Every structure is written in structure tokens, then in C-alpha cells.
Amino acid sequence: MSINQTSIEEIKTRIDIEEVVSDFVSLKRKGQNLWACCPFHDEKTPSFSVAPTKGIFKCFGCGKAGDAIEFVKEIEGLNYIEAMRYLGKKYGIQLEEVEDTPEELVQQSLRESLFIVLGFAKDYFHDLLLNQSEGQSIGLSYFRERGYNQQIIKDFELGYSLDRWDGFLVEALEMGYTKKTLAAAGLIIEKEEKTYDRFRGRVMFPI
Ligand SMILES: [Zn+2]
């Protein structure tokens, strides 16, 4: 759910900070600016000022400052969208809220799936490097020869992929990941009805 950008622009052009702030504190004009006792901290002499021409407020006591939207957020404890809804209501502007499209929802869930499956792959390859005999004899000795110590290997979660066509694929399918997600993540290759691991018999550096 998000707010249509044109409604936001419409509200912004209509906002009058003097009107917005006056709903909460009574402002007194002094020179170009308006003054009041600050609604955000306790005080007896006014140090809260509003500059109507600039559309901003600032308290010289506690330092709170911002525009009318920020003022509404602070004083009502709202987030940005809630503050825009509040202001839309005040100025009688209908906020057009747009639902995310089905396509956007699919993209979002794909991104989440990829994130999860890449995490699984990283753990899988890291575990092989540390705990599996082929991983230890080939992968670990490769890293050691190049001066990677145990701490670096752990910190960077380096890994090793078995010298097999489907070592990762079998494990991932068993864990319930689909071929579609695995292929989208670039972890397997699908070619002419064959599916196989992209990474075979090599050391792995996670991104
Ligand atoms: Zn203040």
C-alpha cells in the first residue's frame, strides 16, 4: 500500500504551517515570525518559532525543527503516511492509496525467496568445507596454502562445492526449495531437460 504521488504533491502545496501548528498551540506574531511556548518541551517563555514564509518551525530551547509534515509526525506520534492522511483530512484532499499490483507482489516474494535460498547455499557450502572429507582435503587445504587462517574462513563463510553434478541440487530439493527458485538464484543450470549444479568441485566465496 502506498500513496499516489500526485495526492502528496497536492497536499504539500496546500499546507499552511501556521494553520497546522495553530491547531495545537496559540501563536503570537513578533516580527516576521510567530512564537509560542514549545509543545515539545516544558518552558515558561516562548522559544518555539514558526516562519510562515519558509514553511518551517524551530524551537531554540530543545532544538526540534522541521516542516509542517514533521510537526504533525512529532506532535501526533505518526509516521509519514499517517501524517499525510491527517493533513489530507484537514485540507479535504482525498488521498489516493494504491494497492501493490500482483506483479509487484510476485517480484517482492521472489526477492525474498532468493535471499533465503542464497543464505541456505552459503551455509551448505561452508559446512562442506569444514566438515566433509572432500571439502577438507581439497577446499580447506587450498585456502590454507594461500594463507587463509581458520578465523578468516569462518568470518567470510568461505565454502566448497563437491565435485558432483547434483550434490547441491539434491540437498536443496530435499529442503523444499524449487528448481525455479534455485535457477533464478543462479545456483543450478537447467538445460535441455537436464538440471545440474552450477558450482562443482571448487572453492566458494560468498558475496
Ligand atoms: Zn522545544
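The values are calculated or read from the model by the stated rules, or taken from the named source; none is laboratory data. Predicted model, so just to flag it, every value in this text is computed and none were measured. Reconstructed Cβ throughout: ideal geometry from the backbone, glycine too, with neighbour counts over all protein chains shown. Side chains are part of the model used for accessible areas, which takes the heavy atoms of the whole protein and leaves out ligands, DNA and RNA. Shrake-Rupley method; radii C 1.70, N 1.55, O 1.52, S 1.80 Å.
So is E43 away from the ligand (no atom under 12 Å from the Cβ) and acidic (D, E) or not? Quick ask: steps written out before the conclusion?
On the way: away from the ligand (no atom under 12 Å from the Cβ): no; acidic (D, E): yes.
The answer is no for E43.
Among residues belonging to the range 6-27 that are open to solvent by 40 Å² or more (accessible area, probe 1.4 Å) and within 16 Å of the ligand (Cβ to nearest atom), point out the one that is nearest to the chain's Cα centre (by Cα).
The residue in question is F24.
Would you pick out the residues in the range 48-60 that are within 14 Å of the ligand (Cβ to nearest atom), open to solvent by less than 50 Å² (accessible area, probe 1.4 Å) and not aliphatic (A, V, I, L, M)?
Within the range 48-60, F48, S49, F57, C59 meet the criteria.
So is L114 touching a Ser or Thr at 6+ places or on another chain (Cβ under 9 Å) and modelled with pLDDT under 95 or not?
On the way: touching a Ser or Thr at 6+ places or on another chain (Cβ under 9 Å): yes; modelled with pLDDT under 95: yes.
Yes; evaluated as a whole, the condition is true for this residue.
For the range 98-207, please list each of the strands (runs of 3 or more DSSP E) lying entirely inside it that holds at least 1 residues being open to solvent by 30 Å² or more (accessible area, probe 1.4 Å).
Details: elements: 159-161, 188-191, 194-197, 202-204.
Output list reads 188-191, 194-197, 202-204.
Filter the range 143-182 for residues that are hydroxyl-bearing (S, T, Y) and out of contact with any Lys or Arg (no Cβ under 9 Å at 6 or more places or on another chain) and give the result.
At the first step, the residues of the range 143-182 found to be hydroxyl-bearing (S, T, Y) are 148, 160-161, 177-178, 181.
Y148, Y177, T178, T181 - these are the residues of the range 143-182 that are hydroxyl-bearing (S, T, Y) and out of contact with any Lys or Arg (no Cβ under 9 Å at 6 or more places or on another chain).
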